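Comments concern the structure below.
The values are calculated or read from the model by the stated rules, or taken from the named source; none is laboratory data. Because the structure is predicted, anything quoted here is derived from the model rather than measured. Counting neighbours? That spans all protein chains shown, and the Cβs are built from the backbone with ideal geometry, glycine included. What goes into the accessible areas is simple: the full protein's heavy atoms, side chains included, and nothing from ligands, DNA or RNA. Shrake-Rupley method; radii C 1.70, N 1.55, O 1.52, S 1.80 Å.
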Amino acid sequence: MEEVNDKKENDRTRIAVFASGSGSNAENIIRHFNRPGSRAEVALVVCNRPDAQVLQRAARLGVPAEVITRAQLNDEAFMGGMLDRYGIGFIALAGFLLMIPSWLVRRFDGRMVNIHPSLLPKYGGKGMYGRHIHEAVVAAGETETGITIHFVSDACDEGGIVFRTSMPVSPSDTPDDVERGIHALEKEHYPVVIERLLRD
Ligand code: GRF
(Lines give C-alpha, C1' and ligand atoms only; values in the text may rest on other atoms or scores of the structure.)
Protein backbone atom coordinates (compact mmCIF):
# COMPACT_ATOMS: atom_id res chain seq x y z
CA MET A 1 0.00 0.00 0.00
CA GLU A 2 2.77 2.35 0.99
CA GLU A 3 4.52 1.71 -2.31
CA VAL A 4 1.46 2.85 -4.24
CA ASN A 5 1.32 6.09 -2.29
CA ASP A 6 5.02 6.68 -2.84
CA LYS A 7 4.57 6.11 -6.53
CA LYS A 8 1.71 8.60 -6.65
CA GLU A 9 3.83 11.18 -4.88
CA ASN A 10 6.68 10.67 -7.36
CA ASP A 11 4.28 10.75 -10.31
CA ARG A 12 3.05 14.24 -9.56
CA THR A 13 2.49 16.09 -12.80
CA ARG A 14 4.93 18.94 -13.12
CA ILE A 15 3.19 22.09 -14.31
CA ALA A 16 4.80 25.12 -15.95
CA VAL A 17 2.93 28.40 -15.60
CA PHE A 18 3.66 30.94 -18.35
CA ALA A 19 2.99 34.56 -17.33
CA SER A 20 4.10 38.00 -18.51
CA GLY A 21 2.81 40.42 -15.87
CA SER A 22 1.51 40.65 -12.34
CA GLY A 23 1.11 36.90 -11.94
CA SER A 24 -1.73 36.84 -9.44
CA ASN A 25 -3.15 33.78 -11.22
CA ALA A 26 0.27 32.16 -11.29
CA GLU A 27 0.57 32.67 -7.52
CA ASN A 28 -2.91 31.29 -6.97
CA ILE A 29 -2.12 28.17 -9.01
CA ILE A 30 1.18 27.67 -7.18
CA ARG A 31 -0.52 28.00 -3.77
CA HIS A 32 -3.19 25.52 -4.84
CA PHE A 33 -0.85 22.79 -6.07
CA ASN A 34 2.40 23.19 -4.14
CA ARG A 35 1.34 21.57 -0.91
CA PRO A 36 1.80 18.07 0.48
CA GLY A 37 -0.51 15.42 -0.95
CA SER A 38 -1.24 17.34 -4.14
CA ARG A 39 -1.30 15.28 -7.35
CA ALA A 40 0.63 17.98 -9.21
CA GLU A 41 3.09 20.77 -8.55
CA VAL A 42 4.12 23.95 -10.28
CA ALA A 43 7.75 23.19 -11.07
CA LEU A 44 8.51 26.21 -13.27
CA VAL A 45 7.38 29.73 -14.08
CA VAL A 46 8.21 30.96 -17.58
CA CYS A 47 8.18 34.70 -18.20
CA ASN A 48 9.20 36.90 -21.14
CA ARG A 49 9.68 40.13 -19.17
CA PRO A 50 12.60 40.49 -16.75
CA ASP A 51 10.71 43.19 -14.78
CA ALA A 52 7.44 41.28 -14.38
CA GLN A 53 6.04 41.01 -10.87
CA VAL A 54 5.37 37.30 -11.38
CA LEU A 55 9.12 36.69 -10.99
CA GLN A 56 9.08 38.13 -7.47
CA ARG A 57 6.06 36.03 -6.62
CA ALA A 58 7.77 32.87 -7.90
CA ALA A 59 10.92 33.64 -5.91
CA ARG A 60 8.89 34.24 -2.75
CA LEU A 61 7.10 30.92 -3.21
CA GLY A 62 10.32 29.03 -3.99
CA VAL A 63 9.38 28.11 -7.56
CA PRO A 64 12.13 28.25 -10.21
CA ALA A 65 11.59 30.80 -12.96
CA GLU A 66 13.11 31.21 -16.41
CA VAL A 67 13.06 34.48 -18.34
CA ILE A 68 12.95 33.88 -22.07
CA THR A 69 12.93 35.98 -25.23
CA ARG A 70 10.44 35.60 -28.07
CA ALA A 71 13.18 34.00 -30.17
CA GLN A 72 13.91 31.45 -27.45
CA LEU A 73 10.22 30.61 -27.14
CA ASN A 74 10.09 29.88 -30.85
CA ASP A 75 13.26 27.78 -30.74
CA GLU A 76 12.12 24.18 -30.31
CA ALA A 77 15.54 22.84 -29.32
CA PHE A 78 16.06 25.53 -26.68
CA MET A 79 12.57 25.67 -25.22
CA GLY A 80 11.77 21.96 -25.61
CA GLY A 81 15.06 21.19 -23.88
CA MET A 82 14.16 23.49 -21.00
CA LEU A 83 10.71 21.97 -20.52
CA ASP A 84 12.22 18.46 -20.61
CA ARG A 85 14.86 19.42 -18.09
CA TYR A 86 12.15 20.49 -15.64
CA GLY A 87 10.08 17.38 -16.48
CA ILE A 88 7.07 19.48 -17.47
CA GLY A 89 3.90 17.54 -18.30
CA PHE A 90 1.31 20.34 -18.38
CA ILE A 91 1.35 24.06 -19.21
CA ALA A 92 -1.01 26.72 -17.85
CA LEU A 93 -0.91 30.14 -19.52
CA ALA A 94 -1.87 32.91 -17.10
CA GLY A 95 -1.58 36.32 -18.70
CA PHE A 96 1.20 35.27 -21.09
CA LEU A 97 1.31 37.73 -23.95
CA LEU A 98 3.44 36.00 -26.60
CA MET A 99 1.92 33.73 -29.26
CA ILE A 100 2.61 30.07 -28.55
CA PRO A 101 4.54 28.53 -31.48
CA SER A 102 3.00 25.60 -33.38
CA TRP A 103 5.62 23.09 -32.33
CA LEU A 104 4.73 23.73 -28.67
CA VAL A 105 0.98 23.54 -29.38
CA ARG A 106 1.52 20.12 -31.00
CA ARG A 107 3.84 18.87 -28.28
CA PHE A 108 1.40 19.79 -25.50
CA ASP A 109 -1.77 18.94 -27.39
CA GLY A 110 -4.51 18.56 -24.77
CA ARG A 111 -2.03 19.46 -22.02
CA MET A 112 -1.86 23.24 -22.39
CA VAL A 113 -4.61 25.63 -21.33
CA ASN A 114 -5.14 29.36 -21.28
CA ILE A 115 -7.48 31.55 -19.26
CA HIS A 116 -9.19 34.44 -21.02
CA PRO A 117 -11.14 37.10 -19.10
CA SER A 118 -14.24 37.15 -21.32
CA LEU A 119 -16.92 34.80 -22.55
CA LEU A 120 -15.15 33.60 -25.69
CA PRO A 121 -15.68 33.93 -28.61
CA LYS A 122 -16.74 37.40 -27.47
CA TYR A 123 -13.88 39.83 -26.81
CA GLY A 124 -11.14 37.47 -27.95
CA GLY A 125 -8.34 37.70 -30.50
CA LYS A 126 -5.62 40.21 -31.21
CA GLY A 127 -5.49 43.27 -28.94
CA MET A 128 -8.06 41.80 -26.56
CA TYR A 129 -6.23 41.39 -23.29
CA GLY A 130 -6.39 42.77 -19.76
CA ARG A 131 -8.22 46.04 -19.26
CA HIS A 132 -8.97 46.46 -22.99
CA ILE A 133 -11.47 43.65 -22.63
CA HIS A 134 -13.25 45.04 -19.57
CA GLU A 135 -13.39 48.51 -21.13
CA ALA A 136 -14.91 47.07 -24.30
CA VAL A 137 -17.44 45.06 -22.28
CA VAL A 138 -18.57 48.17 -20.36
CA ALA A 139 -18.60 50.36 -23.51
CA ALA A 140 -20.81 47.83 -25.31
CA GLY A 141 -23.32 47.85 -22.44
CA GLU A 142 -23.01 44.09 -21.91
CA THR A 143 -25.20 42.71 -19.13
CA GLU A 144 -22.82 39.81 -18.46
CA THR A 145 -19.20 38.82 -18.92
CA GLY A 146 -17.06 36.03 -17.55
CA ILE A 147 -14.02 33.80 -17.97
CA THR A 148 -13.12 31.08 -20.45
CA ILE A 149 -10.54 28.35 -19.93
CA HIS A 150 -9.58 26.71 -23.21
CA PHE A 151 -6.98 24.45 -24.76
CA VAL A 152 -4.29 26.31 -26.64
CA SER A 153 -4.38 26.00 -30.42
CA ASP A 154 -2.59 27.79 -33.25
CA ALA A 155 -5.28 30.46 -33.48
CA CYS A 156 -5.32 33.07 -30.71
CA ASP A 157 -8.13 32.39 -28.16
CA GLU A 158 -9.75 29.73 -30.35
CA GLY A 159 -8.86 26.34 -28.84
CA GLY A 160 -11.51 23.93 -27.50
CA ILE A 161 -13.35 25.36 -24.53
CA VAL A 162 -12.93 23.47 -21.27
CA PHE A 163 -14.84 25.74 -18.90
CA ARG A 164 -16.78 28.97 -18.96
CA THR A 165 -18.62 30.85 -16.25
CA SER A 166 -20.29 34.23 -16.20
CA MET A 167 -21.04 37.14 -13.89
CA PRO A 168 -23.56 39.96 -14.26
CA VAL A 169 -22.50 43.45 -15.35
CA SER A 170 -24.69 46.30 -14.16
CA PRO A 171 -25.01 49.65 -15.97
CA SER A 172 -23.13 51.43 -13.17
CA ASP A 173 -20.12 49.04 -13.26
CA THR A 174 -16.78 50.52 -14.28
CA PRO A 175 -14.01 48.50 -16.00
CA ASP A 176 -12.34 48.32 -12.57
CA ASP A 177 -15.46 46.75 -11.05
CA VAL A 178 -15.60 44.21 -13.87
CA GLU A 179 -11.90 43.44 -13.50
CA ARG A 180 -12.33 42.78 -9.78
CA GLY A 181 -15.20 40.38 -10.41
CA ILE A 182 -13.27 38.60 -13.16
CA HIS A 183 -10.20 38.17 -10.99
CA ALA A 184 -12.33 36.63 -8.26
CA LEU A 185 -13.80 34.15 -10.78
CA GLU A 186 -10.32 33.32 -12.08
CA LYS A 187 -9.01 32.63 -8.59
CA GLU A 188 -11.96 30.44 -7.74
CA HIS A 189 -11.94 28.31 -10.88
CA TYR A 190 -8.59 28.14 -12.72
CA PRO A 191 -6.69 25.80 -10.35
CA VAL A 192 -9.73 23.57 -9.87
CA VAL A 193 -10.25 23.23 -13.63
CA ILE A 194 -6.56 22.37 -14.12
CA GLU A 195 -6.83 19.78 -11.37
CA ARG A 196 -9.86 18.24 -13.06
CA LEU A 197 -8.04 18.04 -16.40
CA LEU A 198 -5.10 16.31 -14.73
CA ARG A 199 -7.44 13.76 -13.20
CA ASP A 200 -9.36 12.93 -16.42
C1 GRF B 1 -5.95 37.57 -16.26
O2 GRF B 1 -7.10 38.37 -16.26
C3 GRF B 1 -6.05 36.49 -17.28
O4 GRF B 1 -7.35 36.07 -17.53
C5 GRF B 1 -5.51 37.14 -18.52
O6 GRF B 1 -4.49 37.99 -18.07
C7 GRF B 1 -4.74 38.37 -16.72
C8 GRF B 1 -3.51 38.06 -15.94
O9 GRF B 1 -3.58 38.58 -14.63
N10 GRF B 1 -5.15 36.18 -19.50
P11 GRF B 1 -2.49 38.15 -13.56
O12 GRF B 1 -1.13 38.48 -14.16
O13 GRF B 1 -2.63 36.69 -13.30
O14 GRF B 1 -2.76 38.96 -12.34
Practice task
Determine, yes or no, whether ILE115 is in contact with a His (Cβ under 9 Å, 6 or more places away or on another chain) and in contact (Cβ under 8 Å) with a residue 24 or more places away in the chain.
Solution key: yes
Completion exercise
Okay, helices (runs of 4 or more DSSP H) sitting entirely in the range 4-110 with 1 or more residues that are farther than 23 Å from PRO191 by Cβ, in contact (Cβ under 8 Å) with a residue 24 or more places away in the chain and open to solvent by less than 80 Å² (accessible area, probe 1.4 Å), I get 70-74, 76-85, 102-107
Fill in the blank from the handout: Flagged in the range 101-127 as within 15 Å of the ligand (Cβ to nearest atom) and of a type in the set (A, V, I, L, M, F, W, C), in numbering order, are MET112, VAL113, ILE115, LEU119, LEU120
Practice task
For the range 155-183, enumerate the residues that are within 30 Å of ARG14 (Cβ to Cβ), open to solvent by 60 Å² or more (accessible area, probe 1.4 Å), modelled with pLDDT of 95 or more and not in a strand (DSSP E or B).
Solution key: HIS183
Practice task
Give the range 111-137 a look and list any residue that's over 18 Å from the mean Cα position of the chain (by Cα), within 22 Å of GLU188 (Cα to Cα) and open to solvent by 50 Å² or more (accessible area, probe 1.4 Å), or say none.
Solution key: LYS122
